[in-house]
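Have a look at the structure below, then the notes.
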């Protein structure tokens, strides 16, 4: 297995993983206009419409900006389900149920002087195969994490101590062909009920329709594994 770089969360950071971990940032309409989601285009000049954000099998977070100004009155839908305007440039909402791997997410936007429609194929959600949920390790143990998925995404991220707003949370990026990672001794922190480990799969440039004319689109797709709860003995 190739080496991986350790990234630790710090106050004020907002990665794709942390966004998806914090329900208050996703379902609550907090004003996040000062922080770009991954995939946000930096080319917001000349009156072009920029479509960015993060799509998942169920939750959708789409950002619309024209010429540097948030678009707040568009009609946004995914698979025919309306995604309401939340705040700033963000449209945020959930589909009634998760869309399975291999099916499509169809994003349609009507407003800001354009009609935009594009779709992307949902990639498989990683399944953690080891350790078994509920496993117990000593704090001095290194823990071998393994997962499965039928095809390679663009990349993975391994989230350790993956509680919302965790000060001990770490994110380890891994290439799309990885299926295992060793969590170093002392890295897992038990909060009294165990600690959570999760794996995320990422697909960049998710929507098939290429940017044309005065529309720039760059949407990221993310699929999160089920949590593996691990207990630590001190």
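A few remarks follow.
- Listed conditions (1) out of contact with any strand residue (DSSP E or B) (no Cβ under 9 Å at 6 or more places or on another chain); (2) more than 30 Å from residue 102 (Cα to Cα) are all met by residue 151, apart from (2).
- Residues of region 207-225 satisfying the condition of being at pLDDT 95 or above and either surrounded by fewer than 14 Cβ atoms within 10 Å (Cβ to Cβ) or in a loop (DSSP other than H, G, I, E, B) (or both): 225
- Here region 111-135 is the region considered, the condition is being surrounded by fewer than 13 Cβ atoms within 10 Å (Cβ to Cβ) and closer than 30 Å to residue 69 by Cα, and the residue that is modelled with the lowest pLDDT is 113.
- When 171, 215, 183 are checked against the criterion of being in the same structural domain as residue 105 (by TED's automatic domain parsing), touching a residue at least 12 places away in the same chain (Cβ under 8 Å) and at negative phi, a single residue qualifies: 215.
The values are calculated or read from the model by the stated rules, or taken from the named source; none is laboratory data. All figures in this text were calculated on a predicted structure; none of them were measured in a lab. When we count neighbours, we look across all protein chains shown, and the Cβ atoms used for this are built from the backbone with ideal geometry, even at glycine.
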